[in-house]
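Beneath this line is the structure, given in structure tokens, with notes to follow.
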């Protein structure tokens, strides 16, 4: 059975619900604005509208500026030394270089060999050269020189003197001992810089082609002599170089080198080590082997190289090279010319290191 409704309570509930349902407008008339409301200035609104307009504007893509063309370096504008190095590397990589029938590579010699030797020639030994006018401008000649210094540095300095002091910068083709060409690396490199075997056949072929050929008749007897025998020429052998000059009709030019005797003063020789290593001698100097690798640095003596007056051979009768007496006399004449020049230069020298 349902309970009866109280009319008085129903009227009170209706009044409460009607009060809760009443809606009051926020900005109605007679009501204040909320305290947290901020008024935006008109200028700010205008800026916001302008920003929105710009953002909605179509984007225009302008073409990118053309890249400047990359300029390739011109070899002719580079420094001379760098240009020569680039040309040398290029020729090595492409194989566009030539060697003669003896293996001589003129480009390699001038690029790799001569620069360090030239530094020794000019700065270390301070070489002074005399008689360059006696070297022929063209054609062959046989240059006969004394030999000394324990190591054949005098031959290399003479080659630099011929190339740098000659008006046409000619190359001297040296005749080396068999031992030089038996060493694997040294032998092939020696041929590349113009050396060849010290035999009459090679000498005559070079002289016939108009080359300047250098020969050191003393051989190991000269280069390996003790310091006590300095500037005393050893025996010149059988005069094979004279026969080559007579057969080809080229002049013989005596060459005298002063200063090389003192770069490695040889005061002893270890013959046992020399035989074990296959060398003609194993030198002992005041600095080597006591100071190890430092002892192998040559002393900075002052050098002079003199090219003597040519001895002509083209006026002799045919077959003169077969006359042993003539060959002997010419050999002795060349030897005596070199010895007298050495004595003269030594008498004028103020000191080993001052020249």
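Every number here is computed from the coordinates shown, using simple stated rules; none is lab data. The shown structure was predicted, so the numbers you read here are calculated from the model rather than taken from an experiment. With ideal geometry, Cβ positions are generated from the backbone for all residues, glycine too; neighbour counts draw on all protein chains shown.
Worth a mention:
- Radius, Kirkwood style, for segment 242-355 when every pair of distinct Cα atoms is counted (Å): 17.2
- Sorting the segments 222-231, 301-310 by their mean number of nearby beta carbons within 10 angstrom, highest to lowest, gives 301-310, 222-231.
- Order of 154, 164, 314, 138 under a 10 Å beta carbon neighbour criterion, fewest first: 138, 314, 164, 154
- Nearest-0.05 FRET efficiency for residue 123 and residue 201, computed from C-beta distance (R0 35 Å): 0.35
- Shape of segment 175-269, Cα gyration tensor, a/c cut at 1.5: oblate
- Counting every other Cβ atom within 10 Å of each residue's Cβ, 346, 120 order from fewest to most as 346, 120.
- Taking 0.36 nm per residue of sequence separation and removing the Cα-Cα distance, the residue 317/residue 151 pair yields an extension gain of 55.8 nm.
- Only beta bridges with both residues in segment 131-221 are counted; by DSSP, about 0 percent of them are antiparallel.
- Cβ-Cβ distance of residue 138 and residue 277, R₀ of 35 Å, FRET efficiency by 1/(1 + (r/R0)^6): the value works out to about 0.20.
- Two-site label geometry, residue 232 and residue 168: point separation in nm, points 7 Å out along Cα→Cβ: 4.1
- Three-way shape call for segment 271-311 based on the alpha-carbon gyration tensor, with the a/c threshold at 1.5: oblate
- Using R0 = 30 Å, the C-beta based FRET efficiency linking residue 177 and residue 85 works out to 0.35.
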